[in-house]
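What follows is calculated from the coordinates using simple rules that are stated; it is not laboratory data. All values reported here derive from a predicted model rather than from experimental measurement. A quick note on method: Cβ atoms are made from the backbone with ideal geometry, for glycine too, and the neighbour counts reach across all protein chains shown.
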Amino acid sequence: MSQTQQLKIYRVFGKSDKGLVRKENQDAFTYFESINGAVFVLCDGMGGISGGKKAAKQTLKTIEKFISEDWQDNEQTLIKEAIELANKQVREKLGDTGTNIFPGTTLVLVLIRDNKVFYAHAGDSRIYYQTGKKLFQLTEDHSLVMKLLKEKKISREEAENHVRKNVIYNALGINENVIVEISQNPISPADNDFILLCSDGLTGELSDEKILSVLKNDSDIQKKGNLLIKKALANGGSDNVTVQLIQFYNTGNKPGKRYRSDSGHKKKRIRRIAGFGFVFLLVNAILMLNYFYKNKKLETQNKSAEKTIVSYELSFFKKSTKQNVYTIGRNIYTYPEITKNTIIDILRVNNKRALFFYPGEKIKYPKKKNN
């Protein structure tokens, strides 16, 4: 069994607020250090479904216990198994099979191990990464509106005010199997970079531009975190607001290093593959056009000389290849050797499919048949 290095490279802020409308806070979050690294988890119990708050707390409890027990070499496997177990236990401990009612919760998770950041999510809670003047949304909402937006059935303006904006199709507890999206490439943060985990109570009130403006200011991590919640409440506070903020330092990486999220890498790969595909198709199209052009030209030549064969008078015999070489065309039916060999045999020996030979072409003689 191994253990991750214990040198801390981050500061942490975490806070949750009930908001100005909800009667109960169904958000929950935790941070713990384990044998597998530092772990941050934030859950948003699904509003309107009985037990959403319990589902969020049960998820945190299950994940902390699982990750803290045994070392796992593979980070993606560790995260996947932890979340799948949490999904199973939420259904078994809190669900009602008689009424088929199962509480649910969204989840975002960050694992810091060996100065690298791994992350995963299910639902519409989000993870952001801020570096320099850029803010990257690392997760993609598992919501109906996002699905419609990706399918280009609605515009971004329509998505902002869609009547089913809060409908999500994937979360822990609601289905027997949960879809766990896990980062394939970890982030190597630089000094003064930030990771933000948040519920939709924040993103529903603040745009990405406003979130970035808070993270870029010169205040410390505590003030940044509190300011995010304060601004969300000032904009309406219609839902529970939860924020976990991670600030990096002593990373050994140069500040200002640009980062592309997994989705950015995927899009780049798609563009690269599409580019190669286009070039491949273009080259093949050119080759095909060239092929058809030559065939067309050959057909034209054949039509004008389909009964032509090289001249008998201007031929000479080449001993090394035992072939007659001709230079000028003549009607094939006047060719002397036709009387000694059938036309089919001549075509077969010379791999021909029509009675046509180019002037100057080498013509093989078939073996003479015994009479």
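Name the long-range amide H neighbours of SER143: under 5 Å, sequence gap of 5 or more, or other chain; modelled H, no Pro or chain starts.
TYR169
Could you work out the Rg to Rh ratio of region 143-251, with Rh taken as the Kirkwood radius (inverse of the mean 1/r over all Cα pairs)?
Radius of gyration over Kirkwood radius for region 143-251 works out to 1.01.
How would you rank 16-22, 275-281, highest first, on the average number of other Cβ atoms within 10 Å across their residues?
The peptides rank, most packed first, as 16-22, 275-281.
So how much slack lies between ASN166 and SER238, counting 0.36 nm per residue of separation and subtracting their Cα-Cα distance, in nm?
On the way: separation 72, 0.36 × 72 = 25.92 nm, distance 1.21 nm.
The span from ASN166 to SER238 would gain 24.7 nm if fully extended.
In nm, to one decimal, how far is the modelled label at GLU209 from the one at ILE101, with both set 7 Å along Cα→Cβ?
4.3
By average Cβ neighbour count within 10 Å, what is the ranking of 151-157, 83-89, 125-131, 225-231 from highest down?
In decreasing order of mean packing, 151-157, 83-89, 125-131, 225-231 become 125-131, 83-89, 225-231, 151-157.
Provide the packing ranking of 107-113, 39-45, i.e. peptides ordered by the mean count of other C-beta atoms within 10 Å per residue, highest first.
Going from most to least packed, we get 39-45, 107-113.
Mind running the shape call on region 1-133? Use the C-alpha gyration tensor, a ≥ b ≥ c as the square roots of the eigenvalues: rounded below 1.5 for a/c, prolate if a/b tops b/c, oblate otherwise.
Oblate shape, in that a/c is at least 1.5 and b/c is the bigger or equal ratio.
Between LYS61 and LYS15, what FRET efficiency comes out of the Förster formula 1/(1 + (r/R0)^6) with R0 = 25 Å and r the beta carbon distance, rounded to 0.05? Kindly include the intermediate steps, with their values, before the conclusion.
Numbers: r = 20 Å, r/R0 = 0.80.
Plugging the Cβ-Cβ distance into 1/(1 + (r/R0)^6) gives 0.80.
Residues of region 117-137 with backbone nitrogen within less than 15 Å of a virtual label 7 Å along the Cα-to-Cβ line of ARG156, please, listed as ranges.
135-137
Round to the nearest 0.05 the FRET efficiency obtained for SER68 and ASN177 when R0 = 25 Å and r is the Cβ-Cβ distance.
Values: r = 25 Å, r/R0 = 0.98.
Once the sixth-power term is evaluated, E becomes 0.50.
With the crude spin-label approximation of a point 7 Å out along Cα→Cβ, what separation in nm comes out for LYS364 versus THR77?
6.0
When the chain is fully extended, how far beyond the present Cα-Cα distance does LEU347 get from TYR291, taking 0.36 nm per residue of separation? Could you put the intermediate results ahead of the total?
Numbers: separation 56, 0.36 × 56 = 20.16 nm, distance 2.33 nm.
Using 0.36 nm per residue and subtracting the Cα-Cα distance, I get 17.8 nm.
Express in nm, to one decimal, how much length is gained between LYS88 and GLN184 on full extension, taking 0.36 nm for each residue of separation and deducting their alpha carbon distance.
32.2 nm
Based on the Cβ-Cβ distance from PHE32 to LYS254, what FRET efficiency comes out when R0 is 30 Å, to the nearest 0.05?
Working: r = 30 Å, r/R0 = 0.99.
Efficiency, rounded to the nearest 0.05: 0.50.
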